[in-house]
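Student: Questions regarding the structure given below will be posed in turn.
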Amino acid sequence: MTTITLAQLTNCLKELDIAENIQTEILKTLSTSSNEKNKKTESPKIPIPFCGHIEKTWCCGVRKNHRLYTQCSKAPVDGGDYCKVCKKQAENRANGKPKFGTIMDRLNQWDDKKLSYQPEGEKVEVPYHTVMSKMSIDKDMANRETNRLGWGDIPEIHFTAKKKGRGRPKKHKTKIEVSDSDEEETPKKRGRKKKVKMNVDEMDDATLLSLLLE
C-alpha cells in the first residue's frame, strides 16, 4: 500500500483543479481522522481490574498492577505490539512473551464469574475488593472510572471479598485399634510387694538357719 503526505495530497488536489474551499475541507477531514487514529487512550486514574476490554492504542503486554494483571497502558514502540519494558521482557524469555503474559492470554482466560488468571510462577489474581479496601476506593468511584473509559460497569465478582477460613485447621485424631490377644495380661500392681508374715515358733532349726543365711 502506497502512502502520501498531506503536502503531496495538496499538490494533487491543485492539479485536479478542485476548488480551494473543497481542498481545505478534504485536508481538514483527513487530518482530524489521522489524529484520532493515533491518539492514545487515556490511562485509568485509579487501579482498575481487567474487564475483558482491550485498548488498541496500548501495549499488548500485561502488568501486575496490585495483582489485578491488567493491560499495560503504555504506548507500543516502533510500531510493534509492546512498550519498551514489555518488549525487553519478551526478548529475554523463552516463550517470547512479557513476564505476566500478553493481553490476548489474559482475554482468553478471562471469566466474569471466576477469577483464575495466574501467570507462570506468579500468584493467582485477587478480587478487586482486596485492592479497594487497601486504597479506599468505593464501588461508585470505580464504576465511574470504567464508564469514563467506555468499558461499562465492573463485573460483580470483583466486589466480592475472598473467603478466608477462621482459626487453625482442625487436627484429625487417628483411632488406633489393638487386636485382642489369646491371653489378657493381668495389670501389675504398683508399690512394694507385701511381706509374708512367718511364725517362727512353728519353724524347725533347718528352716530358721536358711532364713538367717539369705
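Student: With the structure loaded, tell me whether VAL85 is within 24 Å of HIS158 (Cα to Cα), modelled with pLDDT of 95 or more and not in a loop (DSSP other than H, G, I, E, B) or whether it fails that test.
Tutor: no
Student: Are any residues in segment 101-139 in contact with a Cys (Cβ under 9 Å, 6 or more places away or on another chain) and either among the acidic types (Asp, Glu) or in a loop (DSSP other than H, G, I, E, B) (or both), and if so, which ones?
Tutor: Once the filter is applied, which keeps residues that are in contact with a Cys (Cβ under 9 Å, 6 or more places away or on another chain) and either among the acidic types (Asp, Glu) or in a loop (DSSP other than H, G, I, E, B) (or both), segment 101-139 yields TRP110, ASP112.
Student: A further question on this structure: Find all pairs meeting these conditions: Cβ atoms under 6 angstrom apart; at least six residues apart or on different chains; first residue within segment 81-101 and closer than 14 Å to LYS64 by Cα; second residue modelled with pLDDT under 95 and assigned to a loop (DSSP other than H, G, I, E, B).
Tutor: Matching pairs, first to second residue: PHE100/PRO119; GLY101/PRO119.
Student: Would a scan of segment 189-201 turn up a residue that is touching a strand residue (DSSP E or B) at 6+ places or on another chain (Cβ under 9 Å), among the basic types (Lys, Arg) and at pLDDT 65 or above?
Tutor: Within segment 189-201, the subset touching a strand residue (DSSP E or B) at 6+ places or on another chain (Cβ under 9 Å) is none.
Scanning segment 189-201 turns up no residue that is touching a strand residue (DSSP E or B) at 6+ places or on another chain (Cβ under 9 Å), among the basic types (Lys, Arg) and at pLDDT 65 or above.
The values are calculated or read from the model by the stated rules, or taken from the named source; none is laboratory data. On a predicted model such as this, the values are computed, not experimentally measured, just so you know. Every residue, glycine as well, gets a Cβ built from its backbone with ideal geometry; the counts of neighbours run over all protein chains shown.
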